[in-house]
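Some notes on the structure that comes next.
Coordinate-derived values only; no laboratory data. Nothing here was measured: the structure is a model prediction, and the numbers come from that model.
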Amino acid sequence: MAEHNAKANKKANTKNKMTAAQREAKMKAAEERVKRAEEKKVAKERTKKIFTWIIVIILVIGLTLPVAGLSAAGCMSQDAANTATEQTQDAGAADASESTAEASSSSSNG
């Protein structure tokens, strides 16, 4: 049993032994993986920020234009209503002055 453990340890030791060049290559590969993962993370965050700003801009435009259009339409219809009311009042005043003129002329004639 001791021989079996010794053989297993010997195999494990030979597997774990690496040359300095192999260790250095392994370290460089690990550093490259970490660097690529970090770059990928930064790119993903940047894309997310850009996407968020695009959505915000679309929402602002989409909500602002209809409100502004309705406000402008409301102002226009209010202006039209005011104009119609003024015209009615002007016409009523003209009718009243005509009827007053007719009444005064009929009382002068009579």
Length gained, Lys28-Thr64, 0.36 nm per residue minus C-alpha separation, equals 7.6 nm
Note, the stretch 44-50: 3J(HN,Hα) by Karplus (6.51, -1.76, 1.60, θ = phi - 60°), whole Hz, Gly/Pro = x, goes 5, 5, 5, 4, 5, 5, 4
Karplus ³J(HN,Hα) for the stretch 21-29 (6.51 cos²θ - 1.76 cosθ + 1.60, θ = phi - 60°; Hz, whole; x = Gly/Pro) runs 5, 5, 4, 5, 5, 5, 5, 4, 4
